[in-house]
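We did not get these values from a lab; they are worked out from the coordinates using the rules stated. If you're wondering where the values come from, they're calculated on a predicted model, not measured in any experiment. In this analysis, Cβ positions are derived from the backbone assuming ideal geometry, glycine residues included, and neighbour counts consider all displayed protein chains.
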Amino acid sequence: MFIRHCCGELKEKYFKGLITVAVGESPLVKKKPAPDSVLKVMELLNVQKDEVVFVGDADTDIETSKNASI
């Protein structure tokens, strides 16, 4: 499973049992607003765009969802 180290730590500490996959910026995943992280999570969870709800709290998140076409 592709998990950036700090994302994995945060997932385990604060969201254990609630979040299956956490993907953050890495050499293979560009940071938001690039759609890379969203698309990687969709790939890992084997879901399609019509099955996704992207929730964010910043303008960057809006741009990310637009760039991912969701």
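With only alpha-carbon pairs counted, each pair once and no self-pairs, how large is the Kirkwood hydrodynamic radius of the chain in angstroms? Please list the in-between numbers first.
Values: mean 1/r = 0.0798 Å⁻¹.
By the Kirkwood definition, the hydrodynamic radius is 12.5 Å.
For the residue pair Lys13 and Ala58, what label-to-label distance in nm results when each label sits 7 Å from Cα along the Cα-to-beta-carbon direction?
1.8 nm
With the contact rule set at Cα under 8 Å and sequence spacing of 6 or more, what percent relative contact order holds for the chain?
So the answer I get is 29 percent.
Taking R0 as 25 Å, what's the FRET efficiency between Asn67 and Asn46 from their Cβ-Cβ distance, rounded to 0.05? Display every interim value, and only then the final one.
On the way: r = 21 Å, r/R0 = 0.84.
So, using R0 = 25 Å, E works out to roughly 0.75.
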